[in-house]
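Read the structure below first, then the notes.
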Amino acid sequence: MKISAEVSYYPLNEEYKVPIKAFIKALNNYGNLEVRTNTMATQVFGEYNEVMNAIRDCMKDAFELPHSVFVMKIINADLSK
């Protein structure tokens, strides 16, 4: 099943740009996914298990930084077109 996810990451510290860029870079390492970024969120498109596993793993790494907040929306459709 194809899904589309939109993830917003808010590291609650003064140096917020570096962790956001690292999160996006980590998502882009998953070759089977389409990852798009804009000023408000990162969108991830692909098969359900692949998208969810990638987001889970990248979020876990990001949570090493204290006080990280994620907001996510998921739809069971491919909105990449």
Notebook entry, point to check: From the backbone phi of the range 16-29, what are the Karplus-calculated ³J(HN,Hα) couplings (6.51 cos²θ - 1.76 cosθ + 1.60, θ = phi - 60°) in whole Hz, Gly and Pro given as x?
Noted result: 7, 5, 4, x, 5, 4, 5, 4, 5, 4, 4, 5, 5, 6
Next item on the list: Per DSSP H run of n ≥ 4, the term is -39500 (n - 2.57); total these for the chain, divide by its residue number, and report the mean residue ellipticity at 222 nm rounded to 500 deg cm²/dmol.
Entry: -10500 deg cm²/dmol
Notebook entry, point to check: Between Phe45, Phe23, Phe63, which gets the highest mean-square fluctuation from a Gaussian network model of the chain, Cα cutoff 10 Å?
Noted result: Phe63
Next item on the list: Mind checking the full-extension length gain between Glu47 and Lys73? Use 0.36 nm per residue of separation minus the Cα-Cα distance, one decimal, nm.
Entry: 7.8 nm
Notebook entry, point to check: Mind checking the angle between helix 48-62 and the chain's longest principal axis? C-alpha axes, 0 to 90 degrees, to the nearest 10.
Noted result: 0
Margin query: Using each residue's phi in the range 63-68, evaluate 6.51 cos²θ - 1.76 cosθ + 1.60 at θ = phi - 60° and report the 3J(HN,Hα) Karplus result to the nearest Hz, with x for Gly and Pro.
Written below: 5, 5, 7, x, 6, 9
Checklist line | the chain, relative contact order in percent, only Cα pairs under 8 angstrom and at least six apart counted | finding: 52
Notebook entry, point to check: Tally Lys and Arg at +1 and Asp and Glu at -1 over the other residues with C-beta under 10 Å from the C-beta of Val44: what net charge comes out?
Noted result: -2
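Just the accessible area per residue of the chain, please: how many Å² with a 1.4 Å probe? The partial results should precede the final answer.
On the way: 5490 Å² over 81 residues.
Averaged over the residues of the chain, the accessible area is 68 Å².
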Next item on the list: Show Ile55, Ile75 ordered by accessible area, largest first, where the area counts protein heavy atoms only and the probe is 1.4 Å.
Entry: Ile75, Ile55
Margin query: So if I place +1 on the C-beta of Lys and Arg and -1 on the C-beta of Asp and Glu, and nothing else carries charge, what would the dipole magnitude of the chain be about its Cα centre? I want it in debye, nearest 20.
Written below: 180
Margin query: I need the phi-derived Karplus couplings for the range 32-42: 6.51 cos²θ - 1.76 cosθ + 1.60, θ = phi - 60°, integer Hz, Gly and Pro marked x.
Written below: 7, 10, 9, 10, 10, 10, 9, 6, 10, 6, 10
Notebook entry, point to check: How much of the accessible area of the chain, probe 1.4 Å, is carbon plus sulfur, in whole percent?
Noted result: 55
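The values are calculated or read from the model by the stated rules, or taken from the named source; none is laboratory data. No experiment lies behind these values; they were computed from the predicted model shown. Counting neighbours? That spans all protein chains shown, and the Cβs are built from the backbone with ideal geometry, glycine included. Calculation scope for accessible area: heavy atoms of the full protein, side chains included, ligands and nucleic acids excluded. Shrake-Rupley method; radii C 1.70, N 1.55, O 1.52, S 1.80 Å.
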